[in-house]
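Worksheet: the structure to be examined is printed underneath.
What follows draws every value from the coordinates through simple rules; no lab data is involved. No experiment lies behind these values; they were computed from the predicted model shown. Neighbour counts run over all protein chains shown; Cβ positions are idealised from the backbone, glycine included.
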Amino acid sequence: MAKTGNINSNLSFKERLSALKNLPELFRLVWQSSPGKTTLSFALRIARSAMPVALLYVGKLIIDQVVELNRHGGSQHELWKLVIIEFGLAVLTDGLNRMINLTDSLLGDLFSNYTSMRIMRHATTLDLDQFEDSVFYDKLERARQQTVGRSVLLSQVMSQVQDFISMAFLLTGLIAFNPWLILLLLIAIIPSFLGESYFNSQNYALTRSQTPERRELDYVRYLGASDETAKEVKIFGLADFIINRFKTLSDQFYADNSKLAVKRSAWGTFFSVLGSIGYYAAYGFIIYQTVTGKTSVGTLTFLAGSFRQLSSLMESMLNRFTTVSQGAIYLNDFLEFFEIKPKISVAKSPLAFPNPIKQGFTFENVGFQYHNSESWANRHLNFTLHPGEKLALVGENGAGKTTLVKLLARLYDPSEGRILLDGIDLKEYAIDELRLNLGIIFQDYLRYQMTLSQNIAVGNISEIGNQALIQKAAEESLADALAEKLPNRYEQWLGRRFNDGVELSGGEWQKVALARAYMKDAQVLILDEPTAALDARAEYEVFQRFAQMTKGKSAVLISHRFSTARLADRILVLDKGTVLEAGTHEELILKNSRYAELFRLQAKGYQ
């Protein structure tokens, strides 16, 4: 499995600052996910930021009042009033914390859902061949990972604002007492910040470079424990091979991550000691000032508490800056995905799809080459699919049959040549209308873990509520007999992923897939190996129905069974992506060339 090289792990402070330019886009996305909860979260944090200095100041007044009462006596009314105020502030602080956590949690869920839908929506606009590119898949995987963690980034940014406001209040009192304490604070905190910044850079580089291997690890985990793979794993005795591959990958992840974690822990301990030295130096200085009578005991508690909280806030903010800038760098992965644009262009003023088709689809010297492939999947294709014509494509595996169909549906655009529809380039027509007029079932159709009704309706999802149409499509594909056998008929869940799901045989699934082709009144029906899992009798019945359903319509059949191909009006024999022969079954037999050779070889298998 292909791997990509490691990314440069040295991220400078300038690069971190540059990454912060992503934050406005983050705020825009969060605002779009829920304007109300975003506003509420900011308001709660601003209120919460004033609580530390308020509590410390009320505490100072309480201690000074206690000292004064011990010395001179008097009424305790003022003292208990201050205690009640402090109690109220403590309750308010706790309440604000809980409301902030609740709001952030709800906002995080909404943001995650919103960005996940954005990714899915954008993915639907991209081209099929982009999904077949491993570099694209790495970007998609990283973008998916960011949908979960970016609400945490928002919370961290909001916390920065909250802590900054709190620091402004606390610094005012500390500077008024002695500005030199701020210098001690910086000396204690900056080394720790630089250390955290460096190790976060290392962690980002390591995580990003591991993306391809993590995709492989997830795939190997799936192979080792899945209902879809269990049969072959047992038959081929793959368990040890899969487990050993998983162990190799996971051990490498553990070795790389633990090495970095040990270094980070060791340096973190050293910087923590430096911070403690700075704090207790300042604390000792404040005690000295109190003992010599230069400040009151209440001021001692206020300043000591302020210094302790400032130290904690500054360390938290500096470290969080590293985390925020790191998160902003990771945000690149999310935003980069939306910068990927489809290569298949859409006409500015697309033409309506002709109804009916008059001249048909014409391939003029069409060729297609997959990305990063030196060979051509199709080349020098020159033929016409006429209105109402049944065209069969035959050839060995890899001959380019399915690729040709994907070109017809504009899932790919030709690398050379052009495809015309009624004499006009296919690119000039609206893609949505083109695909609405094509009923296609590929051989690798999906087995949706949904109800039978939904499985059929995906062929024309806009008609998902049209039960009469769904049942009609099932009758035409012979899936109606299957529905009668299921406990909940059309509302029966299919597959084993969910409770009460029923698994179908390959032939039964194929009938369900065929029903999708009948869900819309398409002018062209395309079936790629439509009966591969059906027995001879079922295949005959399916094609009898198919012949009836496609009267007056164009159809393309891809099949390895010549009994199917001979039902077509014309047969194209493909070899290495090009049309080797074309004609009716009888004409090709008389030519006594490739088609006749393949036909006789297959006929021998039935003798």
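Shape class of the range 35-94 from the alpha-carbon gyration tensor: prolate, with a/c at 1.5 or above and a/b greater than b/c. Backbone geometry of the range 329-345 corresponds, through the Karplus equation with coefficients 6.51, -1.76 and 1.60 at θ = phi - 60°, to 3J(HN,Hα) couplings of 5, 4, 4, 3, 4, 6, 6, 4, 4, 6, 7, 6, 10, x, 8, 6, 7 Hz, x marking Gly and Pro. Extension gain, Ala261-Ala123: 0.36 nm per intervening residue step, less the Cα-Cα distance, totals 46.1 nm. With the gyration tensor restricted to C-alpha atoms of the chain, the semi-axes of the equivalent ellipsoid amount to 70, 26, 23 Å, longest first. Dividing the alpha-carbon radius of gyration of the range 561-602 by the rule-of-thumb value 2.2 N^0.38 Å gives 1.03. Here Ser373 and Thr39 are evaluated by their C-beta separation; at R0 = 51 Å the FRET efficiency comes out at 0.50. Pairs to check: Lys406/Lys553; Lys511/Lys576; Lys406/Lys427; Lys401/Lys551; Lys427/Lys520. Give those whose C-alpha atoms are more than 21 Å from each other in this structure. From Lys406/Lys553; Lys511/Lys576; Lys406/Lys427; Lys401/Lys551; Lys427/Lys520, over 21 Å: Lys511/Lys576; Lys401/Lys551; Lys427/Lys520. For Ser415, the residues whose amide H sits under 5 Å from its own are Gly367, Phe368, Gln369, ignoring neighbours fewer than 5 places away on the same chain, with H placed 1.01 Å from N.
Determine the calculated [θ] at 222 nm for the chain from helices alone, applying -39500 (n - 2.57) to every DSSP H run no shorter than 4 residues and normalising by the residue count; nearest 500 deg cm²/dmol.
Helix contribution divided over all residues of the chain: -21000 deg cm²/dmol.
Show me 471-482, 284-295 ranked by packing, highest mean number of other Cβ atoms within 10 Å first.
471-482, 284-295
Treating only the Cβ of Lys, Arg, Asp and Glu as charged (+1, +1, -1, -1), what charge dipole size does the chain show about its Cα centre? Round to the nearest 20 debye. Dipole about the Cα centre, nearest 20: 1020 debye. Scanning residues 5 or more positions from Asp575 or on other chains, those with amide H under 5 Å from its amide H are Leu580, with H placed 1.01 Å from N in the peptide plane. Relative contact order for the chain: 15 percent, from Cα pairs under 8 Å spaced at least 6 residues apart, divided by residue count.
Applying 1/(1 + (r/R0)^6) with R0 = 60 Å to the Cβ-Cβ distance of Lys358 and Arg600 gives a FRET efficiency near 0.95. Of Gly495, Leu514, Leu482, which is farthest along the charge dipole of the range 445-521 in the positive direction, counting Lys and Arg as +1 and Asp and Glu as -1 at C-beta? It is Gly495, whose Cα lies furthest towards the positive end. Given in Å, the Rg to one decimal and the Dmax to the nearest whole number for the Cα atoms of the range 445-521 are 11.0, 34. Direction-averaged projected area, Cα convex hull, the range 275-326: 3.6 nm², rounded to one decimal. Taking a ≥ b ≥ c as the square roots of the eigenvalues of the alpha-carbon gyration tensor, the range 332-377 is classed oblate because a/c is 1.5 or more while a/b is no larger than b/c.
Check cross-link reach from Lys259 to the lysines: straight Cα distance under 26 Å, and skip same-chain residues fewer than eight apart. Hits, sequence-local ones excluded: Lys3, Lys247. Once you list every other residue whose beta carbon is under 15 Å from the beta carbon of Phe363, what net charge do they have if Lys and Arg are +1 and Asp and Glu are -1? Once all neighbours under 15 Å are counted, the net charge is +1. For Thr584, the amide hydrogen comes within under 5 Å of the amide hydrogens of Ile571, counting only partners 5 or more places away or on other chains and with H modelled in the peptide plane. Rounded, prolate or oblate: pick one for the range 348-428, where a ≥ b ≥ c are the square roots of the eigenvalues of its C-alpha gyration tensor, a/c under 1.5 means rounded, and failing that, prolate if a/b is larger than b/c, else oblate. Note, shape of the range 348-428 comes out oblate.
Here the 3J(HN,Hα) profile of the range 23-32, calculated from phi with Karplus coefficients 6.51, -1.76 and 1.60 at θ = phi - 60°, is 5, x, 5, 4, 4, 5, 5, 5, 4, 5 Hz, Gly and Pro shown as x.
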